[in-house]
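Below is one structure; the comments refer to it alone.
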Amino acid sequence: MLIIRKGKKKDLPFVLGLIKELAKYENALDEVSITIKELENDGFNEYPNYYFLVAEKDTEIIGMSFYWIRYSTWKGKFLFLEDFIVKKEYRRQGVGKELFNATIKICKKLNLNGMCWQVLDWNNPAINFYKKYNADISKIWLNGKLTKKQIEQF
C-alpha cells in the first residue's frame with residue numbers, strides 16, 4: 001500500500017539517497033555536496049528552510065517532494081518544488097501522481113498563489129508529466145546563480 005506523508009528527520013538518509021539518484025539522472029552527481037547534518041540543521045529548526053513529503057511503500061521510501069515557500073514580489077507566496085523524484089523501479093505506477101497531487105493539496109491548504117519548479121529542457125518524461133497538469137513550461141526565463149565560492153571571491 002502506498003502512503004504519502006510528511007517527512008521526518010529520520011527520513012533524511014533516504015532523502016539524501018533520492019537527491020543523489022536525481023542528480024545522477026541529471027548527470028550532476030558530483031555537484032551534490034549537502035550533508036545529513038546540513039539537512040537536519042536547515043529543515044528541523046524553529047524556522048525550517050524546507051519541507052518534504054515522502055512516498056512510502058511497504059515501509060520503504062520510494063519517492064519525495066522537496067519544497068519550500070518562496071515569495072514573488074509580483075504574485076506573493078508560492079510553493080517552490082525543489083526536487084521531485086520517484087525511484088526508477090517505481091515510476092509509471094501512479095506514485096508520482098499521488099505525490100504531486102499531495103503537493104498541490106499543500107498549496108491549497110496554505111492558500112498559496114501557485115506552485116513552481118524547474119525542469120531540464122531535455123527531461124521529456126518530466127515535461128510530459130507536468131503537461132498532464134496543464135502546467136506552463138517557460139522557454140523564456142533563464143536561471144542565474146552565484147556559488148558560495150563566487151560570493152567569497154567578491
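Structure notes:
- GNM result for the chain, Cα springs below 10 Å: residue of VAL119, VAL54, VAL86 fluctuating most strongly: VAL119
- More than 28 Å apart - percent of Cα-Cα pairs taken over the chain: 21 percent
- Reachable lysines from LYS6, criterion Cα separation under 17 angstrom, eight or more residues apart if same chain: LYS57, LYS97, LYS105, LYS108, LYS109
- Lys, Arg +1 and Asp, Glu -1 on Cβ, resulting dipole of the chain about Cα centre, debye, nearest 20: 560 debye
- Signed unit charges on C-beta, dipole axis of the chain, positive-most listed residue PRO48, TYR133, GLN153: TYR133
- The stretch 12-76 versus the stretch 92-154: alpha-carbon centroid distance in Å: 13 Å
- Cut-off 17 Å, label 7 Å out along Cα→Cβ of TRP141, residues of the stretch 69-92 by amide N: 69-84
- Gaussian network model of the chain, springs between alpha carbon atoms under 10 Å - residue of PHE14, PHE52, PHE44 with greatest fluctuation: PHE44
- Between ASN41 and MET1, the modelled labels are 4.0 nm apart [label points 7 Å from Cα along Cα→Cβ].
Values quoted throughout were computed directly from the atomic coordinates according to the rules given, and no laboratory measurement underlies them. Because the structure is a prediction, the values reported are computed rather than measured. Using ideal geometry, Cβ is built from the backbone for each residue, glycine included, and neighbour counts are taken over all protein chains shown.
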